[in-house]
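The values are calculated or read from the model by the stated rules, or taken from the named source; none is laboratory data. Predicted model only: the values in this text are computed from it and were never measured. Counting neighbours? That spans all protein chains shown, and the Cβs are built from the backbone with ideal geometry, glycine included. For accessibility, only protein heavy atoms count, side chains too; no ligands or nucleic acids. Shrake-Rupley method; radii C 1.70, N 1.55, O 1.52, S 1.80 Å.
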Amino acid sequence: MRCRLQTLLQRKFKISLLLLLLLALLMHLVMDFALPTAHRPCGCDMKASISGGVPSGSPMPAGLKKLSLRILQDFSGSNGSLEKSSQPQKVGLHSGAEEPGVQQQHEEGNAGWTKGSKLAALFEHPLYNIPVPEVTEKDKLFIINPMEKFSLHSRGSDEWVSSSKAETLLPTGKTAYDTYPTWLKFHIGINRYELYPRRDPLLPMLLQDLATQRIVSSVQKSGGTQLKLIMTFPNYGQALFKPMKQTRDQETPIDFFYFSDFERHNAEIAAFHLDRILDFRRIPPVSGRLVNITKEIRDITTDKKLAKTFFISPAGNVCFYGECSYYCSTEHALCGKPDQLEGSMAALLPDKTLAKRRSWRSPWRRSYHKSKKAEWELNPNYCSQVRETPPYDRGHRLLDLIDMTILDFLMGNMDRHHYETFEKFGNDTFLLHLDNGRGFGTHSRDEPSILAPLQQCCSIKKSTYLRLQLLATQPYRLSDVLREALAADPLAPVLAEPHLRALDRRLGKVLVAVGHCLARAARQEEVLVDDVGSWV
């Protein structure tokens, strides 16, 4: 009797539980149908907004040079290092490159800076609003084909195709240029006077692409004394990757020669931002990035020589060393933690087959010998010889080189043996400040010999001098504005504090050097070459 009663109670309990579950399900259904359609969550809106944030532009023709030649009706030639993609992946990346020069109409490109920042105030200053000459067709590096269009290969894809392979139409009001990836817009924007504009709305997207775009290929860059990689993105944009070789607080040993020093990834990042702050804008955009050695280099490389140099260290970290003429051996291997490695990603310039560049030996090049000295180190009147030698005997080439000298002194870079210009523009154009990895190696000592061109020639652009004076004042202190700019990089902090403080000390020494020249000159105009006119 007791067993039957127990069985009956169990059955009733199970039936009651089942009825309760059924009732809860019915209530859910009733509430769902009763809810107004407008309030129902819909994943489609989210997907649409994500895809809508991607520019409709995209390059992906069969071959890199074939693609570029079709788009760019060129007569100069440049670097087939096709650059970055324009797909802005809004990851937790600081909008580092937002150009702080920022009236209301520019705020879209400067959203990363707060209104009270020193960096924003600096770029609003009149000295950073002096106009460049009008850019004519002949002053542009490329003439574009207005008929070529690009679009994403498919929804959710990060691969881009040219209009010849795409079936999509341009959105209303869009031009073919609007569909170009960001790296291509960057190339198209290069002109005789600047590598990129002061308030370039592309800059934040360029830096973001460098830091976040998917890497589809990694190969070693040929030549050079140290390992560098060429990274390719889905839209055929490319970047130069320099891996981390030493920590931020390490100084170059005092007994090291400048030509045997490491190239530092963080120096490349800091050099780009410093170059912008000085308003030179002659270094291609650079961003920091954390790379997975296994997935983003080893597993996808087609470089057989590079592939042979990977190994697992005794600590279980993935390492590699590549092939080069100096620091490429197991003793100088680059190792991840366990496979994560910091590095700088620099936007590549147009391929030299598309925009030829000329390499110039610096008149103040060092001897690169352990005991010999260069002529400029022995002859105090060396500058008079330089002034009589083409291309320094006319135009502003010598003044541009002195600008570069000041940049190098502030960074402590002694390794400026050559510089480049775009051949199309002849002598009347800016100098490219490339390869800055040997800067920021020391903060406890300065190298006065870097300033030899300024000290021997006693000439400087008036605009450069006025900006240096401005950066020595409290509201625009150089260390403060560079610190703020670098805080936006994914690898922040990029520089150790002693390096930032050294900038202010070195800036003071540059101003003192100019002061000595002014004291000796009969007229101020002999030292300060006016390139600003009535703008200041």
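Take the solvent-accessible surface of the protein heavy atoms, probe 1.4 Å, and return the percent of it on segment 287-440 that carbon and sulfur atoms account for.
C and S fraction of accessible area: 49 percent.
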Whether segment 373-432 is rounded, prolate or oblate, judged on the alpha carbon gyration tensor where a/c under 1.5 counts as rounded: oblate
Nearest-10 value in Å² for the accessible area of residue 251, using the 1.4 Å probe: 60 Å²
Between segment 475-495 and segment 265-307, the Cα center-to-center distance that results, in Å: 18 Å
Label-point gap, in nm, between residue 129 and residue 23 - each point 7 angstrom along Cα→Cβ: 7.3 nm
Long pairs among 138/185; 221/352; 352/424; 140/242; 228/305, criterion Cα-Cα beyond 22 Å: 140/242
Percent breakdown of C-alpha pair distances by 10 Å bin, ordered from the shortest bin, for segment 243-398: 8, 23, 32, 23, 10, 3
Per residue value of the accessible surface for segment 286-399 (all protein chains in place, 1.4 Å probe), Å²: 55 Å²
For segment 433-474 versus segment 186-241, the gap between their alpha-carbon centres in whole angstrom: 26 Å
Contour excess over end-to-end distance, with Cα ends at residue 446 and residue 530 and 0.36 nm allotted per residue: 27.3 nm
Loop-resident sites, segment 334-439, for GluC sites (Glu not before Pro), counting at most 12 other Cβ within 10 Å (DSSP): 388
Average accessible surface area per residue within segment 410-511, 1.4 Å rolling probe, Å²: 31 Å²
Surface share of carbon and sulfur [accessible, 1.4 angstrom probe, percent] for segment 475-524: 58 percent
